[in-house]
Amino acid sequence: PAAVKKMVRRNKSIIDDSFVIMTKDKKFVRIKPIAITRNKAQCSVQTALRKKIRIELAKLFTQKDLDAIISEFLSRRLQPGIACALSKIFPVGIFEIRQLKVVDAERAKKMNIFRFVPEKTVAKPKEVKKPVKIEKKESKK
C-alpha cells in the first residue's frame, strides 16, 4: 500500500507478519502487524523482532476479550507498549497493526494459529560442590 511506502525509506528494514491468535473469549483473530526499524537490521535481528511481536501480541490477546482489544487498538493504546518492548532488541521507529480481522473457527484451524504458552520458571537443582583435595608432592634434592 501507498501508506507503507511512505513510511519506509532507505536503510530501514520492514518486518511484517501474519498469524492467527485466539482471544480470551475464544474468538480467532487474524493479525497483520508491521514494524519499521530506524536502521537496516540483519536477518537474525528481524527474526528476533518477529518472534517478539508474536509473543507480545499473544500475551495481550490471551488476557483480554475481543471488544477490549479493538477499543485499545482504535484508541492507539496497544501499539506503543509493543514498540517499546521491540526497541529493547533493536530500535523500532514505527509499529502498526495493518489488519485485525475476526476469523471463524473452521477457517482458523487451517491457518497458522499461534498459541502463547508462558514460560514456566523451573527452579534448577542446586549443585553440590565437592571439596577438592590438593596433595603436595615433595621435591627431591
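The values are calculated or read from the model by the stated rules, or taken from the named source; none is laboratory data. Keep in mind that this is a model prediction, so the values were computed, not measured. FYI the Cβ positions are ideal-geometry reconstructions off the backbone, even for glycines, and counts take in every protein chain you see. Protein only, heavy atoms only, side chains kept; ligands, DNA and RNA dropped before computing areas. Shrake-Rupley method; radii C 1.70, N 1.55, O 1.52, S 1.80 Å.
Observations, loosely collected:
- Looking across region 7-49, the residues that are more than 14 Å from the chain's Cα centre (by Cα), β-branched (Val, Ile, Thr) and not in a strand (DSSP E or B) come down to VAL8, THR23.
- In the set (1) surrounded by 15 or more Cβ atoms within 10 Å (Cβ to Cβ); (2) farther than 14 Å from ALA83 by Cα, the condition left unmet by SER18 is number (1).
- Condition check for LYS52: part of a strand (DSSP E or B), basic (Lys, Arg), closer than 25 Å to ILE113 by Cβ and open to solvent by less than 70 Å² (accessible area, probe 1.4 Å): no
- GLN42 within 17 Å of LYS88 (Cα to Cα) and either surrounded by fewer than 17 Cβ atoms within 10 Å (Cβ to Cβ) or of a type in the set (D, E, K, R) (or both): yes
- For region 55-91, residues that are of a type in the set (Phe, Trp, Tyr), part of a helix (DSSP H, G or I) and crowded, with 17+ Cβ neighbours inside 10 Å total 1.
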